[in-house]
Amino acid sequence: MTIAIAGAGIGGLTAALALHRRGFEVAVYERAAELEAAGAGIQLTPNALHVLFGLGLRRALEKTMVRLDAVVIRQAATGKLIQRLPLDICERRWGAPYGVIHRADLQAVLLDAVRQQGIPLALGHEVGGVAQDKTGVRISFASGQPAVEARLLIGADGLWSFVRNSLGPNEPPRFAGKRAWRAVLPLRRVPDFFHGKATGLWLGERTHFVHYPVFAGEALNLVAITHDRDDSSGWSKPQPPQALLSHFQGWDARVHALLAGIADWRTWPLYEGRPGASMAHGRIALLGDAAHPMLPFLAQGGGAAIEDAAELAGQLATPGDDSARLEAWSALRLPRVRRIQTEAHANGERYHWRWPLSTARDLGLSALGGRRMLERYDWLYGWKPSETA
């Protein structure tokens, strides 16, 4: 019987490719009638690229992905350099580079690979009901298509996962009190100061700003994070620049001018949530945001979903009962995703510290050194699926 995957996002498509590579029959069901080229940039750290390159996607990714040379951390008010992390060591140390790509480009690469492999992808199929027994899972669709029977169901249907909610009462994702603002600018409209193969990270009080190149270096992805009490949902809620600039009073004039020159900002509230006692429930597994919503302050939202998919395929390829193998997969993943969530939450707090904590933070980062800062992430960037670790 086929393994069904609910959701054609990064996690769902990666899972489809990883399982197909192991010889499993897979089918993907996506509620959207059309996959839109939307979203923001995404950072692909070595742990994620190790998986994607292993799926044969290196050449396709490198057409639009930018390999970064550094992360450059600066003070918000003055632009003073706090620390520079040398990312050119990544491939030597962890076996894969550190890249950045627009989410639409990443999804296009995954989607093309799924279609080339002949993996069925059904658009306009919104899951409306899930029932399981010892032999399989029955999936019905709110959009009216005939129900299907599957060997297993992988819920990769995002933050507000229907599959997760169908498993019984659970703690919903929590609003983190922060809002992300995103925009993409053609590089010709960007001052030279912001050019280069680096991620810029600017730290301010209750606000920070990140920028890096996308679209093969032809554009700059900008993301600002502010504190907010408004948890109104939506991935692309439009906002005028004045609403953002009120958070950036007293910032370096170069950043302020860059932000002010963008007429159309898109925003969304940030959520986080602890995974339950297990990511597996009988013949149903949850991965990515459906299992463990996390804040973006460790650049691991997509990376953790990619890891989930690779580890899931590896575990299902071992001998044993399907449900037992899903439980083994969950036991492997839970400690790691919980650590990533904890570190991402802590980073979000540290980035927004006020004086005098911000001064102590900056002095500590300066004293530690960029290479030593990176080496502290051996546990994160050096990850490989358990069978190859």
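When segment 162-196 is filtered for residues that are among the basic types (Lys, Arg), surrounded by fewer than 16 Cβ atoms within 10 Å (Cβ to Cβ) and closer than 25 Å to Asp69 by Cβ, the ones remaining, listed by number, are Arg188, Arg189.
Return the total of residues in segment 220-245 being assigned to a strand (DSSP E or B) and more than 20 Å from the chain's Cα centre (by Cα).
3
Pairs linking a residue in segment 121-149 that is without any contact (Cβ under 8 Å) to a residue 60 or more places away in the chain and over 18 Å from Leu35 (Cα atoms) to a residue that is among the polar types (S, T, N, Q) and not in a strand (DSSP E or B), with Cβ atoms under 8 Å and 6 or more positions apart or on different chains, are Gly128/Ser143; Gly129/Ser166.
Flag not set for Tyr98, criterion: modelled with pLDDT of 95 or more, crowded, with 24+ Cβ neighbours inside 10 Å and in contact with a His (Cβ under 9 Å, 6 or more places away or on another chain).
A Cβ distance below 8 Å, combined with a sequence gap of six or more or placement on separate chains, defines the contacts here; from segment 236-263, residues that are farther than 18 Å from Leu201 by Cβ and modelled with pLDDT of 90 or more reach residues that are loosely packed, with under 13 Cβ neighbours inside 10 Å and not hydroxyl-bearing (Ser, Thr, Tyr) in the pairs Ala257/Pro191; Gly261/Arg189. Residues in segment 304-335 that are assigned to a helix (DSSP H, G or I), over 15 Å from the mean Cα position of the chain (by Cα) and of a type outside the set (Gly, Ala, Ser): how many? Final tally of qualifying residues: 13. The residue pairs whose first member lies in segment 42-70 and is charged (D, E, K, R), whose second member is part of a helix (DSSP H, G or I) and modelled with pLDDT under 95, and whose beta carbons are closer than 7 Å, counting only pairs six or more residues apart or on different chains, are Asp69/Asp88. So which residues in segment 47-68 are farther than 17 Å from Ala104 by Cα and either among the small types (Gly, Ala, Ser) or part of a helix (DSSP H, G or I) (or both), if there are any at all? Those that are farther than 17 Å from Ala104 by Cα and either among the small types (Gly, Ala, Ser) or part of a helix (DSSP H, G or I) (or both): Asn47, His50, Val51, Phe53, Gly54, Gly56.
The combined condition, being touching an Asp or Glu at 6+ places or on another chain (Cβ under 7 Å), surrounded by fewer than 20 Cβ atoms within 10 Å (Cβ to Cβ) and among the polar types (S, T, N, Q), is fulfilled by Ser278. Tally the residues that are more than 16 Å from Gly196 (Cα to Cα) and either in contact with a His (Cβ under 7 Å, 6 or more places away or on another chain) or in a strand (DSSP E or B) (or both), restricting the search to segment 84-95. Looking only at that region, the number is 1. Considering (1) outside any loop (DSSP other than H, G, I, E, B); (2) under 19 Å from the mean Cα position of the chain (by Cα); (3) surrounded by fewer than 20 Cβ atoms within 10 Å (Cβ to Cβ); (4) charged (D, E, K, R), the lone condition that Arg254 does not fulfil carries the number (2).
The single residue among Ala33, Ala27, Ala70, Ala15 that is surrounded by fewer than 18 Cβ atoms within 10 Å (Cβ to Cβ) and at pLDDT 95 or above turns out to be Ala27.
The values are calculated or read from the model by the stated rules, or taken from the named source; none is laboratory data. Quick caveat, the model's predicted, so the values are computed rather than measured. Counting neighbours? That spans all protein chains shown, and the Cβs are built from the backbone with ideal geometry, glycine included.
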